[in-house]
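S.K.: First the structure, then my questions, so here it is.
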Amino acid sequence: MNRESAFQCLYRHGFARVAVAVPRVGVADPDYNAEQTLRSARRAADDGVVVTVFPELGISSYTADDLFHQDALDVAVQSALQRLIAESIDIATLMVVGVPLRAHGRLFNCAVAISGGRVLGVVPKSYLPNYQEFYEKRQFAAARDAVGDHLDIAGQHVPFGDDLLFEAMNLDGFVLHVEICQDSWVPAPPSVFAALSGATVLANLSASNIVVGKADYRRELCVATSARNVAAYLYTSAGDGESTTDMAWDGQAMICENGNLLAEGSRFSNEPQLVSADIDLQRLAADRLRMTSFTDNATDHRERVTRFRRIRTALPLPDAATVLRRDIPRFPYVPADPHSRDERCSEVHHIQVAGLSTRMAATGSQHAVIGVSGGLDSTLALIVAIRTMDRLGLPRSNVLAYTMPGFATSTATLDNARRLMRALGATAHEIDIRSAAQQMLRDLGHPAAHGAQQYDITYENVQAGERTAHLFRLANMHRGLVVGTGDLSELAMGWCTFGVGDHMAHYSVNASVPKTLIEHLISWNADSGDFGPDAGEVLRSVLATQISPELIPARAGAPIQSSEDVIGPYDLQDFHLYQLLRFGARPSRVAYLAHQAWGDRTRGRWPDTIPEQHRHEYDLPTIKYWLAQFLRRFIQTSQFKRSTLPNAPKVGSGGSLSPRGDWRAPSDASARAWLDELDRSVPGPLP
């Protein structure tokens, strides 16, 4: 593969395609079952799947009952197994199949891992149900009854036991553990200890019969197992063809990952099922790395955890580039589903209000002082301040709101600010800061004080500083708190004026809320109608206004100052922030995921609140350019601002940048390692 094709391959970025299969089965017909298994395995291999899991006792059928003790069936099983092993040489997927095997004078219900003509290992079932419709102890021995840790199959001496982990040598983070049906239903499943020992992919070969309500229970069990173990969980169960003498079978098959159901097949199908999904190994590794309690739990069970044996093998990775078939949300902070989005907005809103309410009550303050620009951030902060007064039983007029026009304030934003303060019931004030800013420019000897069009950072920060200085002194006068308005996106990129500027406040309500979520929180408030039609109208006007600091006057015929022209599109930079902050992902992986999410605007689901004209797409060179800018700002130039942040509530699992909470970093760090990896691993020049 060339560099471009290699970059687009999912296996290069920590993903793996896995599958669970439900072939049609013939009762006590191993030859037929082997043929069906091989057909499904070939389909999986053609699809780039590296491991395919089949149902419990799928080579013999689960419902053979006392026929398991018949020599003829054993001979047929051995013949079928030899065929699977031989033909696996030409099938590029690791097969995990269910087989009854005689070993050490006993019969075991086993899972056999086969790849490239080799048996990698055999795992016997640990917990045999012997109640209600199940009487497995009549035919089988449990794993604990084994007297040896190897057995011979088709001329191969292979590991045998419930303590096997299959570790990929050519795919970082892929460690497979196998358990069988009832093993997952006991209080302390084998997979728990396997996960603590490093297994990231947990497989369950099942033959669970179906009764009313059982499918939902299985689903909940598998999802919860994947969450508790921070792992992928592959589950497949016996389906069409098993004997219905006393039971029925639905062939439920699913793939879960860390509390999420990635894929599920059709139940009660009379056609073979092959369900695949692309699991994210690097995401699992990142979560485990940060979860120190996970390793503490492993230490507490050291004796059980350390006795696992690792079988190292090379997975049959596809030669061609395998394109990711997993939905990567464009907006990791904003659910596309309207119901989930409304729940998210409600939760964030209540967290913000609870945070500010507690701080005001603790300090005895009855007034909130806030600067209102008519832009997104101050609009949301004003809403939170108003709701805080409602919660505390204080009049909304106790919110002292100030709009402070400067050299570049537009008519539109000033009008938004005035209307918003009135509509929400705050006590509205207006302070023109131009004369104070002009005086400071004169005191500094700045050329702009004498009419020169020198619109540098000093010119901008004089205005930002004047606004914040006024707010703090006003808070002194009214024994109030200055409510900060800056958001998570701006803090990540240092897009704030340090010290006496929008960087500082007595309490910041938006500090862990990214710009993309702020837009939806305002939209959610507008749609609620709680503040009346006038407020709803101005809130929608705010949403329609271009994001700008409005600190540099626009020249005749030129567009107004744009934040996104300098620091990049917020929708893309919020995506980069989430991947870096939440998972610590390497830049090439961030770029790959961004290209999956943003490379084609017609692919994937959009929040219905985003109009068609604002549904952007970004090619790989554009993503690489803005990611490089993000890395420079986030890693190298902006940390000193985040190291002195005022208090603020954390609202989401995507993290915050508080030096007392989620994020501690040196202010003197270099971004070279991140930029070098981006340059080396992503096609195209580094900007």
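The values are calculated or read from the model by the stated rules, or taken from the named source; none is laboratory data. Because the structure is a prediction, the values reported are computed rather than measured. Here the Cβ positions follow ideal geometry from the backbone for every residue, glycine too, while neighbour counts run over all protein chains shown. For accessibility, only protein heavy atoms count, side chains too; no ligands or nucleic acids. Shrake-Rupley method; radii C 1.70, N 1.55, O 1.52, S 1.80 Å.
S.K.: Name every residue in region 139-194 that is touching a residue at least 60 places away in the same chain (Cβ under 8 Å), polar (S, T, N, Q) and in contact with a helix residue (DSSP H, G or I) (Cβ under 7 Å, 6 or more places away or on another chain), in order of residue number.
M.R.: Within region 139-194, 139 is the sole residue that qualifies.
S.K.: Among the residues of region 533-564, write down those that are open to solvent by 50 Å² or more (accessible area, probe 1.4 Å), acidic (Asp, Glu) and more than 30 Å from the chain's Cα centre (by Cα).
M.R.: Across region 533-564, the qualifying residues are 534, 537.
S.K.: Still on this structure: Just name the residue that is least open to solvent (accessible area, probe 1.4 Å) out of those in region 621-638 that are closer than 26 Å to residue 500 by Cβ, part of a helix (DSSP H, G or I) and in contact (Cβ under 8 Å) with a residue 40 or more places away in the chain.
M.R.: 634
S.K.: Mind checking which pairs have a first residue in region 212-234 that is hydroxyl-bearing (Ser, Thr, Tyr) and a second that is assigned to a strand (DSSP E or B) and open to solvent by less than 50 Å² (accessible area, probe 1.4 Å), Cβ under 6 Å, 6 or more apart or different chains?
M.R.: Correct list of pairs: 225/233; 226/233; 226/256; 226/257; 233/202; 233/256.
S.K.: In region 134-146, which residue that is small (Gly, Ala, Ser) and in a loop (DSSP other than H, G, I, E, B) is least open to solvent (accessible area, probe 1.4 Å)?
M.R.: Top of the filtered list is 142.
S.K.: If residue 119 satisfies every condition in (1) open to solvent by less than 10 Å² (accessible area, probe 1.4 Å); (2) more than 33 Å from the chain's Cα centre (by Cα); (3) in contact (Cβ under 8 Å) with a residue 40 or more places away in the chain but one, which is the exception?
M.R.: In the conditions (1) open to solvent by less than 10 Å² (accessible area, probe 1.4 Å); (2) more than 33 Å from the chain's Cα centre (by Cα); (3) in contact (Cβ under 8 Å) with a residue 40 or more places away in the chain, residue 119 misses (3) alone.
S.K.: Restricting the search to region 418-451, which residues are over 30 Å from residue 526 (Cβ atoms), modelled with pLDDT of 95 or more and open to solvent by 30 Å² or more (accessible area, probe 1.4 Å)?
M.R.: 434, 435, 436, 438, 439, 440, 442, 443, 444, 445, 447
S.K.: Something else about it: Only one of 288, 325 is assigned to a helix (DSSP H, G or I) and either open to solvent by 20 Å² or more (accessible area, probe 1.4 Å) or of a type in the set (A, V, I, L, M) (or both); which?
M.R.: Within the list 288, 325, the selection yields 288.
S.K.: What pairs come out if I take residues in region 411-428 that are within 12 Å of residue 399 (Cβ to Cβ) and among the β-branched types (Val, Ile, Thr) and pair them with residues that are open to solvent by 50 Å² or more (accessible area, probe 1.4 Å) and in a helix (DSSP H, G or I) whose C-beta lies under 7 Å away, six or more apart or interchain?
M.R.: From region 411-428, the pairs are 427/397.
S.K.: Any residue in region 319-330 that is of a type in the set (S, T, N, Q) sitting within a Cβ distance under 6 Å of a residue that is open to solvent by 70 Å² or more (accessible area, probe 1.4 Å)? List the pairs, counting only those 6 or more apart or interchain.
M.R.: Note: no pairs meet the criteria.
S.K.: Contact list please: Cβ distance under 9 Å, first residue in region 469-492 and within 14 Å of residue 638 (Cα to Cα), second residue part of a helix (DSSP H, G or I) and among the small types (Gly, Ala, Ser), pairs at least six apart or on different chains.
M.R.: What qualifies is 490/563.
S.K.: Residues to consider are 275, 305; find the one that is under 30 Å from residue 242 (Cβ atoms), open to solvent by less than 50 Å² (accessible area, probe 1.4 Å), of a type in the set (A, V, I, L, M, F, W, C) and in contact (Cβ under 8 Å) with a residue 24 or more places away in the chain.
M.R.: Checking each option against the conditions leaves just 275.
S.K.: Could you check region 162-183 and list, in sequence order, the residues that are closer than 17 Å to residue 110 by Cα and open to solvent by less than 10 Å² (accessible area, probe 1.4 Å)?
M.R.: 164, 165, 166, 176, 177, 178, 179, 180, 183
S.K.: Looking at residue 520, is it over 18 Å from residue 633 (Cα atoms), touching a Pro at 6+ places or on another chain (Cβ under 8 Å) and open to solvent by 60 Å² or more (accessible area, probe 1.4 Å)?
M.R.: Considered against the rule, which asks whether it is over 18 Å from residue 633 (Cα atoms), touching a Pro at 6+ places or on another chain (Cβ under 8 Å) and open to solvent by 60 Å² or more (accessible area, probe 1.4 Å), residue 520 comes out as no.
S.K.: Got at least one residue in region 74-90 being within 28 Å of residue 285 (Cβ to Cβ), buried (at least 22 other Cβ atoms within 10 Å of the Cβ) and touching a residue at least 12 places away in the same chain (Cβ under 8 Å)?
M.R.: Taking every residue of region 74-90 in turn, none turns out to be within 28 Å of residue 285 (Cβ to Cβ), buried (at least 22 other Cβ atoms within 10 Å of the Cβ) and touching a residue at least 12 places away in the same chain (Cβ under 8 Å).
S.K.: Let me ask you something else. Collect the residues in region 1-54 that are of a type outside the set (A, V, I, L, M, F, W, C), open to solvent by 10 Å² or more (accessible area, probe 1.4 Å), in contact with a Leu (Cβ under 7 Å, 6 or more places away or on another chain) and more than 19 Å from residue 168 (Cβ to Cβ), keeping them in residue-number order.
M.R.: 43, the sole residue that qualifies.
S.K.: Going by what's in this entry, would residue 246 be described as over 23 Å from the mean Cα position of the chain (by Cα), in a loop (DSSP other than H, G, I, E, B) and touching a residue at least 60 places away in the same chain (Cβ under 8 Å)?
M.R.: Judged against the criteria, residue 246 is a match.
S.K.: Checking residue 269 against (1) open to solvent by less than 10 Å² (accessible area, probe 1.4 Å); (2) polar (S, T, N, Q); (3) in a loop (DSSP other than H, G, I, E, B); (4) in contact with a Gly (Cβ under 9 Å, 6 or more places away or on another chain), which test does it fail?
M.R.: (1)
S.K.: Separate question: Under the condition of being aliphatic (A, V, I, L, M) and open to solvent by 20 Å² or more (accessible area, probe 1.4 Å), which residue from region 197-240 is farthest from residue 62 (Cα to Cα)?
M.R.: Taking the candidates together, the pick is 227.
S.K.: If we keep just the residues of region 308-322 that are of a type in the set (D, E, K, R) and modelled with pLDDT of 95 or more, which is surrounded by the fewest Cβ atoms within 10 Å (Cβ to Cβ)?
M.R.: 312
S.K.: Taking region 18-50, which residues are among the polar types (S, T, N, Q) and under 35 Å from the mean Cα position of the chain (by Cα)?
M.R.: 37, 40
S.K.: Here are 346, 357: which of them is crowded, with 17+ Cβ neighbours inside 10 Å, of a type in the set (Ser, Thr, Tyr), in a helix (DSSP H, G or I) and modelled with pLDDT of 95 or more?
M.R.: 357
S.K.: Taking the residues in region 389-413 that are crowded, with 19+ Cβ neighbours inside 10 Å and either touching a strand residue (DSSP E or B) at 6+ places or on another chain (Cβ under 7 Å) or among the charged types (D, E, K, R) (or both) as candidates, determine which candidate is nearest to residue 441 (Cα to Cα).
M.R.: Across region 389-413, the extreme among qualifying residues is 404.
S.K.: Can you pull out every residue in region 498-517 that is assigned to a loop (DSSP other than H, G, I, E, B) and either out of contact with any helix residue (DSSP H, G or I) (no Cβ under 9 Å at 6 or more places or on another chain) or open to solvent by less than 20 Å² (accessible area, probe 1.4 Å) (or both)?
M.R.: Passing the criteria: 501, 503, 505, 509, 510, 511, 512, 513, 514.
S.K.: Does residue 58 satisfy the criteria of being assigned to a loop (DSSP other than H, G, I, E, B), more than 40 Å from the chain's Cα centre (by Cα) and on the phi < 0 side of the Ramachandran plot?
M.R.: No.
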